[in-house]
1. Looking at LYS79, LYS26, can you tell me which residue is more than 18 Å from ALA152 (Cβ to Cβ) and surrounded by fewer than 17 Cβ atoms within 10 Å (Cβ to Cβ)?
2. Looking at segment 17-48, which of its residues are in contact with a Phe, Trp or Tyr (Cβ under 8 Å, 6 or more places away or on another chain) and of a type in the set (D, E, K, R)?
3. Right, GLU67: in a loop (DSSP other than H, G, I, E, B), under 17 Å from ILE229 (Cβ atoms) and acidic (Asp, Glu) or not?
4. Where the second residue is assigned to a loop (DSSP other than H, G, I, E, B) and the first is among the hydroxyl-bearing types (Ser, Thr, Tyr) and lies in segment 11-39, which pairs have Cβ atoms under 8 Å and are six or more apart or on separate chains?
5. Look through ILE49, ILE149 and report the one residue that is under 28 Å from HIS172 (Cβ atoms), modelled with pLDDT of 95 or more and β-branched (Val, Ile, Thr).
6. Any residue in segment 111-132 that is in contact (Cβ under 8 Å) with a residue 40 or more places away in the chain and outside any helix (DSSP H, G or I) sitting within a Cβ distance under 8 Å of a residue that is among the acidic types (Asp, Glu) and crowded, with 20+ Cβ neighbours inside 10 Å? List the pairs, counting only those 6 or more apart or interchain.
7. Of (1) within 16 Å of the ligand (Cβ to nearest atom); (2) buried (at least 19 other Cβ atoms within 10 Å of the Cβ); (3) within 21 Å of LYS2 (Cα to Cα), ILE149 satisfies all except one. Which?
8. Only one of these is buried (at least 20 other Cβ atoms within 10 Å of the Cβ), under 17 Å from VAL117 (Cα atoms) and of a type in the set (Asp, Glu): GLU154, GLU139. Name it.
Amino acid sequence: MKFIIGNWKMNGSRASLRDMIQKTEKIKTENRVVLCVPFTMLGETSDVISFGAQDVSSHERGAYTGEVSAAMIAETGAKYVIVGHSERRMYHDETNDIVREKAARALDNGLIPIICVGETMDEKRAGKTMDVITAAVRESIPNDVKDKIIVAYEPRWAIGAGITPSTDDIAHAHRVIADNLSYMGLDGTPILYGASVNAGNVADIISIENVGGVLVGGASLKPDEFIPIIQNVK
Ligand code: PEP
């Protein structure tokens, strides 16, 4: 079973989500299809799609104006939450420590955190890719999480850029992540690839060793792009 997880970021509307739900309702897939949508769109239901949020507070409750707790997300029926997406790390200064706290709150409330790791272009050029993703895996994952988390490798420089790393680069990064997870006693954790996935490249990406699914941004927004992605993951 592979994961096909869409990240709508700050896009879409309730109407476009309902359109996606309606257009996907006849799809037969053995894989797990998830849409991580803005908080305000959570609460919809579908037989094919499970839902998730894109961020969660690191706090349980209290005077944190504007934040949304894991319990509140779980109450909508959502099952997943993205934590540590590169846009949160970049625009909101989220560190591995904050990401770990957020993942812990998600787990406390029965949500599956999708923990994102990935290098910037500067880090890649400096030859630091493996160090960066190793540190992110070691520091962003809470204790005692066997079979309770998903990790997503998202090279930041390829997100929304329409370019993907080579097959060898994806395979190497996923091997490094898998080895680190194994060292941490987390063998079997699904490791998704994300960044510029589309219907044309998904079949090749999904066949790479240690790729347990895909995290899809832009191409998850429209049914005529997302449905072929679902269908091309065999
Ligand atoms: C993302 O931001 O999680 C992502 C995968 O984006 P895109 O597919 O648009 O590169």
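1. Testing whether each residue is more than 18 Å from ALA152 (Cβ to Cβ) and surrounded by fewer than 17 Cβ atoms within 10 Å (Cβ to Cβ) leaves just LYS26.
2. Those that are in contact with a Phe, Trp or Tyr (Cβ under 8 Å, 6 or more places away or on another chain) and of a type in the set (D, E, K, R): ARG32, GLU44.
3. So GLU67 fails the test.
4. Qualifying pairs under 8 Å: SER16/LEU221; THR24/SER46; THR24/VAL48; THR29/VAL48; THR29/VAL233.
5. Just one listed residue meets the conditions, ILE149.
6. If the second residue must be among the acidic types (Asp, Glu) and crowded, with 20+ Cβ neighbours inside 10 Å, the pairs left are CYS116/GLU154; VAL117/GLU154; GLY118/GLU154.
7. (1)
8. Numbers: GLU139 fails: buried (at least 20 other Cβ atoms within 10 Å of the Cβ).
So the residue among GLU154, GLU139 that is buried (at least 20 other Cβ atoms within 10 Å of the Cβ), under 17 Å from VAL117 (Cα atoms) and of a type in the set (Asp, Glu) is GLU154.
The values are calculated or read from the model by the stated rules, or taken from the named source; none is laboratory data. Please read all numbers here as calculations on a predicted model, not as lab measurements. FYI the Cβ positions are ideal-geometry reconstructions off the backbone, even for glycines, and counts take in every protein chain you see.
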